[in-house]
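The values are calculated or read from the model by the stated rules, or taken from the named source; none is laboratory data. It should be emphasised that the depicted structure is a prediction, and the values quoted were computed from it without experimental measurement. Reconstructed Cβ throughout: ideal geometry from the backbone, glycine too, with neighbour counts over all protein chains shown.
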């Protein structure tokens, strides 16, 4: 095998290793993203049907769980 062929094989090997490193990095990024997308909201959609106007804050929290935060919009408190 000549020097050119060895250099070409070495170059191909380096490119292959670089591609594998890139794929590995992408998989580490894709896994958490996929988990977030697949888990979605922790509250089942069926629980939302149990909430209706006139309920107290405690009743809503009992059904949906503790809020992640609270905001004030136009004088109304929003549980997030």
Any chance residue 71 is touching a strand residue (DSSP E or B) at 6+ places or on another chain (Cβ under 6 Å), modelled with pLDDT of 75 or more and surrounded by 10 or more Cβ atoms within 10 Å (Cβ to Cβ): yes
I'd like to know if the stretch 45-54 contains one or more residues that are touching a strand residue (DSSP E or B) at 6+ places or on another chain (Cβ under 6 Å) and at pLDDT 85 or above. no
Taking the stretch 58-68, which residues are within 26 Å of the chain's Cα centre (by Cα) and surrounded by fewer than 10 Cβ atoms within 10 Å (Cβ to Cβ)? 66, 68
